[in-house]
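Written below as structure tokens is the structure these notes are about.
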Amino acid sequence: MAKKAKKKTAKRNLKIIWTFARGFVEILWAYFAWMVPYSRHPEKYPLEKRYAKIRKFIISLTKHMRFDFEGKNIERLREHKAALYVANHQSVLDPLMIIIGCPHPIKFIAKKEALKIPFAGRVLKAMGSLFLDRDDPRQALSIFADAQKELAAGVCSYGIFPEGTRNRDPEHVDLGEFHPGSLKVGTRAGVPIIPVTQYGDFHIFGTNELNRSELVMLTVHGPILPEEGKKANTVELTEKIRAEMTEEIHVMREKDKAYMASKKSRHKGRKWWKEHPEVYA
């Protein structure tokens, strides 16, 4: 078992290295030219400038990743300049498609451990994202208060993963329990709460060496408008969103199985950004 685990880890690491090797020069230049300065002193650079640079870079970077894409209602990511996006969590790549589809600045509320993730932690920090210390309730309250102020002022949108941790087996395990308190940021700020269900990006750096391409799916659900959010019970609202996302996950899971069974995963992946210009319009 230990040998199998090591072999899978080695394959996964090779897949990551190969993906980043294809964009090595671009990544290296971006890292030292603006990513490090942005992440160390975000206050020195306008949020719009930082976000536009990061979004453009991520769009370019994902073109080196071999996957097919299927999106529903992507245009909803462009309808509000300040909203709370509530998404399920399956991979460190989860924020990518949301960022690509959202032209307005968005920050994320993440656990502080995300800062240690190579490259991803640097990008999140450069965006001005907020990092929770789950062992410090006071710090968490302060983080949510800061996010609430920015949302209420229309500074930016925020993305949050209410499961609190990544689903390690999304092919077989449904969504974890949502933390009801995470939605209060949106209801108290008086902004739309928009559920986002995603599936498949966990395959991209997976361990199946036979797959040359993966199917990544993203569904943006209808918004819960401020009037409804203020009247609703937070626990009931959380369960409503979770049930809607779980139903969509089941649909996506079956589509993923059909994609793998059809052997489409054996090809290199189409140029999804040309087939789906609406994603980054």
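The values are calculated or read from the model by the stated rules, or taken from the named source; none is laboratory data. Quick caveat, the model's predicted, so the values are computed rather than measured. Neighbour counts run over all protein chains shown; Cβ positions are idealised from the backbone, glycine included. Each accessible area value is taken on the protein alone, full model and side chains, heavy atoms only, with ligands, DNA and RNA left out. Shrake-Rupley method; radii C 1.70, N 1.55, O 1.52, S 1.80 Å.
Would you confirm whether any residue within region 223-235 is of a type in the set (Gly, Ala, Ser), outside any strand (DSSP E or B) and without any contact (Cβ under 8 Å) to a residue 24 or more places away in the chain? No, region 223-235 has no match at all.
Can you pull out every residue in region 37-46 that is touching a residue at least 60 places away in the same chain (Cβ under 8 Å) and either among the basic types (Lys, Arg) or open to solvent by less than 20 Å² (accessible area, probe 1.4 Å) (or both)? Write out each step before concluding.
First, the residues of region 37-46 that are touching a residue at least 60 places away in the same chain (Cβ under 8 Å): 38-39, 42.
Answer for region 37-46, where residues must be touching a residue at least 60 places away in the same chain (Cβ under 8 Å) and either among the basic types (Lys, Arg) or open to solvent by less than 20 Å² (accessible area, probe 1.4 Å) (or both): TYR38, SER39.
Among the residues making up region 81-105, those that are outside any loop (DSSP other than H, G, I, E, B) and not charged (D, E, K, R) are LEU84, TYR85, VAL86, ALA87, PRO95, LEU96, MET97, ILE98, ILE99, ILE100, GLY101.
Every listed requirement among (1) farther than 30 Å from MET260 by Cα; (2) more than 14 Å from the chain's Cα centre (by Cα); (3) in contact (Cβ under 8 Å) with a residue 12 or more places away in the chain is met by LYS111 save one, (2). Condition first: closer than 20 Å to ASP146 by Cα and either under 14 Å from the mean Cα position of the chain (by Cα) or among the hydroxyl-bearing types (Ser, Thr, Tyr) (or both). Now tell me which residues in region 114-132 satisfy that. Selection gives ALA114, GLY121, VAL123, LEU124, MET127, SER129.
Every residue, every condition in (1) in contact with a strand residue (DSSP E or B) (Cβ under 7 Å, 6 or more places away or on another chain); (2) modelled with pLDDT under 95, yes or no:
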position: LEU130; (1), (2): yes, no
position: ASP135; (1), (2): no, yes
position: GLU150; (1), (2): no, no
position: VAL155; (1), (2): no, no
position: TYR158; (1), (2): yes, no
position: THR165; (1), (2): no, yes
position: ARG168; (1), (2): no, yes
position: GLY176; (1), (2): no, yes
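Filtered by the rule that a residue be polar (S, T, N, Q), crowded, with 18+ Cβ neighbours inside 10 Å and in a helix (DSSP H, G or I), region 135-177 gives a lone residue, GLN148.
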